[in-house]
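The values are calculated or read from the model by the stated rules, or taken from the named source; none is laboratory data. Bear in mind the structure is a predicted one, so any value in this text is a computation, not a measurement. Note: ideal-geometry Cβ built from the backbone for every residue, glycine included; neighbour counts use all protein chains shown.
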Amino acid sequence: MMEDGEEYRLIWFQHLHKSAGTVIINMAIANKEILFPHHNNGNPKEENGEILPLWEYNKIQLIDFVNKCEKEGVTFIATEYGSPDFEILSEDPRITLITCIRDPENRIVSNYNYDYYSGYTNVKTLEKFINVPNVYTSDNYYVRVFSRTTALPLKTINKEEYMVALDNISKFNIIINTENNNLEEKLRDGLGWKIITNKNHATFGDKWKIINMIKRLQISKLIKYLRKESMSLDLSCLTGRFDMDYELISEIFKD
């Protein structure tokens, strides 16, 4: 939350799917940040419910959008469905760029378990899950996001995209590594947030998932859910899939 007399600051959160993003968005709300009037988990929307395609905006459109946020007092937005022009955003002194990164294999395993138990997918193996065309399940997801190579059909990426991703993520003011459990500290020191919350879209322990499985008579699935069984038992299909992501993480957290 901005104090009276402070210069305008817009926190721009690049939300990486299943990487503690909802925790950060809920912490923003708890700390009195002002979200866009219409939004989906922090992602700005039109009044008709359509997500604003901020990743398609050119320089003039992005600056106009930030000006609109300042005029309306918006202090926090998230982008999860695409990657905006990070260079333009980093050049605007009003913007604080933040993101939160998770171990790539842990992220995709969490993504699969969440989608399976939520009913978003019926495939019974991680290998089949990652073979469905989807940027969230793609190879080197982080490099794709930060090199802005997320459009379907997905193109093959290489060292060139890796270098673009590294350059773009170096423009961020705050990069949180969830594996180090320093999320609260970085948000407190970097943004002045004092209220801590763990509200997230957790895979297990959701009563609505349980109710839906009972309604659908998915007893076997329900038993696995109550036992908190991971559906990702064989991780061999992930070998080499996130090599550039791991290299990116190693580089940005090397100090």
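Would you check which residues across the stretch 57-97 are among the hydrophobic types (A, V, I, L, M, F, W, C), over 18 Å from PHE13 (Cβ atoms) and in contact (Cβ under 8 Å) with a residue 24 or more places away in the chain and list them?
ILE63 - this is the single residue of the stretch 57-97 that is among the hydrophobic types (A, V, I, L, M, F, W, C), over 18 Å from PHE13 (Cβ atoms) and in contact (Cβ under 8 Å) with a residue 24 or more places away in the chain.
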- Item | Residues that are surrounded by 11 or more Cβ atoms within 10 Å (Cβ to Cβ) and not aliphatic (A, V, I, L, M), drawn from the stretch 199-224 | LYS199, ASN200, HIS201, THR203, PHE204, ASP206, LYS209, ASN212, ARG216, GLN218, LYS221, LYS224
- For LEU54, which of the numbered conditions (1) under 22 Å from TYR142 (Cβ atoms); (2) surrounded by fewer than 17 Cβ atoms within 10 Å (Cβ to Cβ) fails to hold? (2)
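Can you name every one of the strands (runs of 3 or more DSSP E) wholly within the stretch 1-117 that holds 1 or more residues which are in contact with a Gly (Cβ under 8 Å, 6 or more places away or on another chain), β-branched (Val, Ile, Thr) and modelled with pLDDT of 95 or more?
In the stretch 1-117, 76-79, 95-101 are the strands (runs of 3 or more DSSP E) which contain 1 or more residues that are in contact with a Gly (Cβ under 8 Å, 6 or more places away or on another chain), β-branched (Val, Ile, Thr) and modelled with pLDDT of 95 or more.
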- Qualifying position, being over 25 Å from CYS100 (Cβ atoms), at pLDDT 90 or above and among the β-branched types (Val, Ile, Thr), among ILE214, ILE169: ILE214
- Message: So, ARG227, is that one within 28 Å of ASN131 (Cβ to Cβ) and either among the aromatic types (Phe, Trp, Tyr) or surrounded by 12 or more Cβ atoms within 10 Å (Cβ to Cβ) (or both) or not?
- Response: no
- Task: Inspect the stretch 76-84 for any residue being under 20 Å from the mean Cα position of the chain (by Cα) and over 30 Å from ASN131 (Cα atoms) and give the result as yes or no.
- Result: yes
- Message: Could you check the stretch 113-142 and list, in sequence order, the residues that are within 22 Å of ILE211 (Cβ to Cβ) and either buried (at least 19 other Cβ atoms within 10 Å of the Cβ) or among the hydrophobic types (A, V, I, L, M, F, W, C) (or both)?
- Response: ASN113, TYR114, ASP115, TYR116, TYR117
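Just checking, which of ILE169, ILE176 is surrounded by 15 or more Cβ atoms within 10 Å (Cβ to Cβ) and touching a Cys at 6+ places or on another chain (Cβ under 6 Å)?
Answer to the selection: ILE176.
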- Note on the structure: Per the list (1) out of contact with any helix residue (DSSP H, G or I) (no Cβ under 9 Å at 6 or more places or on another chain); (2) of a type outside the set (S, T, N, Q); (3) surrounded by 15 or more Cβ atoms within 10 Å (Cβ to Cβ); (4) modelled with pLDDT of 95 or more, residue check on LYS186 breaks on (4)
- Note on the structure: (1) in contact (Cβ under 8 Å) with a residue 60 or more places away in the chain; (2) in contact with a helix residue (DSSP H, G or I) (Cβ under 6 Å, 6 or more places away or on another chain) all hold for PHE204 apart from (2)
- Message: Residues that are under 26 Å from LYS124 (Cα atoms) and more than 22 Å from the chain's Cα centre (by Cα): list the helices (runs of 4 or more DSSP H) wholly contained in the stretch 136-251 that include at least 3 such residues.
- Response: 207-215, 219-226
- Message: The conditions are (1) surrounded by 21 or more Cβ atoms within 10 Å (Cβ to Cβ); (2) under 22 Å from ILE175 (Cβ atoms), and VAL74 fails exactly one of them. Which is it?
- Response: (2)
- Any pair with Cβ under 6 angstrom, 6 or more apart, that starts in the stretch 157-181 at a residue that is in contact (Cβ under 8 Å) with a residue 60 or more places away in the chain and closer than 16 Å to PHE253 by Cα and ends at one that is of a type in the set (Ser, Thr, Tyr) and part of a loop (DSSP other than H, G, I, E, B): ALA165/SER147
